[in-house]
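> Have a look at this one.
The values are calculated or read from the model by the stated rules, or taken from the named source; none is laboratory data. Bear in mind that the values here come from a model prediction, so they are computed numbers and not experimental data. Ideal geometry is used to build each Cβ from the backbone, glycine not excepted, and the neighbour counts take in all protein chains shown. The area values use the complete protein model at the heavy-atom level, side chains included, leaving out ligands, DNA and RNA. Shrake-Rupley method; radii C 1.70, N 1.55, O 1.52, S 1.80 Å.
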Amino acid sequence: MTLDETTHKLQSLLRPHFQQGFTAYSSARDEFKGKASIWLDANENSLGSPLDGAGGDWHRYPDPYARKVREALSNWLKVGIDQLFIGHGSDEPIDLLIRLFCQPGQDSILTLDPTYGMYAVSATINNVAVKAVPTEPDFSVDWQKLAAAANDCKLAFLCSPNNPTGQALNPLDIEVFARQFNGLVVVDEAYGDFCPEKSILSLPVLPPNVLVMKTLSKAWGLAALRLGFVIAHPFLVHWLNQIKPPYNLSLPTQQMALQALANTAWLPASQLHIKQQRQHLHNELAKLPLVETVFPSDANFLLVRVRDAAATYNYLAQRGIIVRDRSRNRHCQNCLRITIGTEKENAALVAALQEFQLQG
Ligand SMILES: *Cc1c(COP(=O)(O)O)cnc(C)c1O
């Protein structure tokens, strides 16, 4: 990989011991990539497995770089295959990025507060400090305040639409922030497929220090597969591949992802249905006297402020309806996070809340 100015800049952000050179594990499937008929290189069981005949070469290690899945994602998103890294869910790339760029006991990450909990958990596991910048009480972002706090942070995790608040950031604001930030900006678009028009990928050019994280767990409905991915400068993809566990994506995950991605037509109908149900549920909830605020949402959930979150949560739980009490998050006093369900589930939720009101 030639080191032009951009890659030089990106390389200077790696932890020092990576900059000094690092020899990644070289798997059997890395070293020989040609066609062969006899594979005696990986200590697999050449006889087969109890799953023989069940739709796959189960006794063989899977493709370490999930090339076919990356090809399918590349076609769907119109980004280069060399710009795609696939992880075991999004949690894996979050951890890998912290390990690549943040020196334990020394470096820090930047996040908004409130936001998705895994950034801080992953940083803490790695003994990396977290600078959490409070949003405004309406969950909007003061970008000047964020930029002022960003000094010396290696990574900024910006979740858009944000979890648990549901609101997307303006891609132009992220771009301005990224252009004056010395570190890397990770835009977590786990919910981005619910508002593609607000995706950072809609910018004509992505600044080289911006990475976009997406997942099959939400709009694609494939939380069980454990497949998250990153769109980034090829240099960053190269380094994520250098330090990941060699076979991080199992064969069933790769197979099922390929099957799903061949059916991109499934996505728009599901997106539309969830958007319509979100609007409907928003209206119904806003009518209830126990609801104080329904926050605007670009995602597949609503953050709702009620009079008494704990009592409401308990009543719903007794009725077998589980929502998330987010009261302990900043600015989220008495707020429940409610996933948009099916039409029937949403109606049952509204009916249960109406009953709760009658009792109270
Ligand atoms: C659900 C979610 C993810 C997805 O995690 P996976 O490990 O890919 O299932 C990522 N980021 C945020 C903010 C989420 O809410």
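> Would you please give the FRET efficiency between residue 343 and residue 78, computed as 1/(1 + (r/R0)^6) with r the Cβ-Cβ distance and R0 = 30 Å, to the nearest 0.05?
0.35
> For region 9-17, take each phi angle, set θ = phi - 60°, evaluate the Karplus expression 6.51 cos²θ - 1.76 cosθ + 1.60, and give the result in whole Hz per residue in order, putting x for glycine and proline.
4, 5, 5, 5, 8, 4, 4, x, 5
> Which entries of 78/218; 145/198; 131/154; 9/154; 275/344 show an alpha-carbon separation above 18 angstrom in the structure shown?
The answer is 78/218; 145/198.
> Per-residue accessible area for residue 63 at 1.4 Å probe radius, Å² rounded to 10?
The accessible area of residue 63 comes to roughly 50 Å².
> Further, regarding this structure: Using a 7 Å offset from Cα along Cα-Cβ at residue 5, what residues in region 158-194 end up with backbone N under 14 Å from the label point?
none
> Would you mind telling me the share, in percent, of accessible area of the chain contributed by carbon and sulfur at probe 1.4 angstrom?
Answer for the chain: carbon and sulfur cover 52 percent of the accessible area.
> Divide by every residue of the chain the summed helix terms, -39500 (n - 2.57) for each DSSP H run of at least 4, and state the resulting mean residue ellipticity at 222 nm, rounded to the nearest 500 deg cm²/dmol.
Helices in the chain give a 222 nm mean residue ellipticity of -10500 deg cm²/dmol.
> Got a sec? Which residues in region 240-261 would a label at residue 31 touch, if it sits 7 Å along Cα→Cβ and we count backbone N under 12 Å?
Hits in region 240-261 for residue 31 at 12 Å: none.
> Would you please give the residues with an amide H less than 5 Å from that of residue 186, counting only those at least 5 places away or on a separate chain, with H modeled from the backbone geometry?
The list, which skips near neighbours in sequence, is 156, 157, 158, 211.
> Sticking with this one: Would you kindly derive the ³J(HN,Hα) couplings of region 24-29 from the backbone phi angles with the Karplus curve 6.51 cos²θ - 1.76 cosθ + 1.60 (θ = phi - 60°), listing them in order in whole Hz, with x for Gly and Pro?
6, 4, 10, 7, 3, 6
> Please compute the length gained on full extension between residue 22 and residue 265, using 0.36 nm multiplied by the number of residues separating them and subtracting their Cα-Cα distance.
83.2 nm
> Can you give me the distance in nm between label points at residue 49 and residue 243, each placed 7 Å from the Cα along the Cα-to-Cβ direction?
The modelled label-to-label distance comes out at 3.0 nm.
> Per residue, how large is the accessible surface of the chain? Use a 1.4 angstrom probe and give square angstrom.
That works out to 48 Å² per residue.
> Any chance you could list P(r) for the chain, counting all Cα-Cα pairs in 20 angstrom bins from zero, rounded to whole %?
27, 53, 20, 1
> Also, I was wondering about something else. Give a quick list of trypsin sites (Lys or Arg not before Pro) in region 65-126 that DSSP marks as loop, anything other than H, G, I, E or B, with at most 16 other Cβ atoms within 10 Å.
For trypsin sites (Lys or Arg not before Pro) across region 65-126 that sit outside H, G, I, E and B with at most 16 neighbouring Cβ atoms in 10 Å, the list reads 78.
> Which whole-Hz couplings ³J(HN,Hα) result when phi for each residue of region 225-236 is put into the Karplus expression 6.51 cos²θ - 1.76 cosθ + 1.60, θ = phi - 60°, listed in order with x for Gly and Pro?
6, 6, 9, x, 9, 10, 10, 7, 3, x, 4, 6
> Heavy atoms only, probe 1.4 angstrom, no DNA, RNA or ligands counted: give me 152, 113 ranked by accessible area, highest first.
Output order, biggest surface exposure first: 152, 113.
> Now for a separate question. Taking the Cβ of residue 275 as the center, what net charge do the other residues with Cβ under 14 Å away carry, scoring Lys and Arg +1 and Asp and Glu -1?
The answer is -1.
> Would you mind telling me the antiparallel percentage of the DSSP bridges in the chain, rounded to 5?
Beta bridges within the chain, antiparallel portion: roughly 50 percent.
> Can you list residues from other chains, or at least 5 along the same chain, whose modelled amide H is less than 5 Å from the amide H of residue 132?
Under 5 Å from the amide H of residue 132 lie the amide H atoms of 111, each far enough along the sequence or on another chain.
> While we're on this one: Check the chain for me: any Cys whose beta-carbon has no other cysteine beta-carbon within less than 4.7 Å?
So far as the 4.7 Å Cβ criterion goes, 102, 153, 159, 195 stand without a partner in the chain.
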